[in-house]
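What follows is calculated from the coordinates using simple rules that are stated; it is not laboratory data. Since this is a predicted model, take the numbers as computed values, not measurements. Here Cβ is always computed from backbone atoms with ideal geometry, including for glycine, and neighbour counts include all displayed protein chains.
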Amino acid sequence: MSPESALAELRLTTRAEHDRIEHILRLPEPMPLERYAAIASGFDAFLRVWEPRIHAALPERLQGWFRPRRRGGFASADVEWLRDVAGIEPTAFSTGMTAALPLNDLAQVLGSLYVIEGSALGGRVIAPQLKRTLGLDQGRGASYFHGFGGDTGVMWANFKVVASLEIGESSRATVRACQSAKRTFAALIDLFAPLAPAQEPARPAAATPGRISPALLAAWTDDDDPDATRPAPLGDDHIDLPVDDEPADGDSLVELPLDEPGDDTVRMPL
């Protein structure tokens, strides 16, 4: 695999989870200030748990790179402003899944980082709308979505370079990063489930199927892990189903796998 494939795989394998959290939060839609305050409280609760865990799990050589990327302080400032100025008390959220995210190696950390680093890009669209519809701005309740302002795109590009270099061409590392990204999305989906549209109850995070491309799984070979998930090979036994009479030029021969071995070839008309 090329380093660029890791980022492409992360994007493809988390598409369903990305769409789900967007459907729950509905950030591009106009909303009352109370709902926005609940969303700000949710991100504040998540980042209070997640950021210290990410910092501790990173190797020391990358901790200095991560520190200026932390946005938890922005979310906390928004919650305080909304309480002190708008009079809206923070909403309580459960962060159990966030606290339990496996962050045992660098691939898992980068997979989790992919979710939050990528979310900063959406702020470039959301921040102007919050200012237009709710009168919120940087330092006035919308610091989290304002993020790093004009530097957001540069910081995202830098993350992609670091992630590509650190994951490298390892299929195993790519799979672990993808699994971690999906679990991080699942933690956010679980946390924000109370804000899901009333007409459609939020699905449990466990119901989200884990899909990683078969080609990537096939490339992930680990002799030390006999239980690793891989596409099951086809059996050696099969039957040949030729066309009527003798095969002629251009006729195709169909081979179907059998559950039980057979002694003879079975001929059937197509």
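Tabulated data for the structure shown
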{"item": "Surrounding net charge for Pro52, when Lys and Arg each add one and Asp and Glu each subtract one, Cβ distance under 13 Å", "result": "+3"}
{"item": "Residue-count net charge about Ala86 - beta-carbon cut-off 14 Å; Lys, Arg +1, Asp, Glu -1", "result": "-3"}
{"item": "Prolate/oblate/rounded label for segment 1-95 (Cα gyration tensor, a/c 1.5)", "result": "oblate"}
{"item": "Karplus-derived HN-Hα couplings along segment 17-24 (A = 6.51, B = -1.76, C = 1.60, θ = phi - 60°), whole Hz, x at Gly and Pro", "result": "5, 4, 5, 5, 5, 5, 5, 5"}
{"item": "Fewest-first sequence of Asp137, Asp190, Asp19 by Cβ atoms within 10 Å of each Cβ", "result": "Asp19, Asp137, Asp190"}
{"item": "Shape category assigned to segment 78-195 from the gyration tensor of Cα positions, a/c cut at 1.5", "result": "oblate"}
{"item": "Added length on full extension, which subtracts the Cα-Cα distance from 0.36 nm per residue, Glu22 to Ser94", "result": "24.0 nm"}
{"item": "Largest-first principal axis extents, alpha carbons of segment 16-168, Å", "result": "45, 32, 31"}
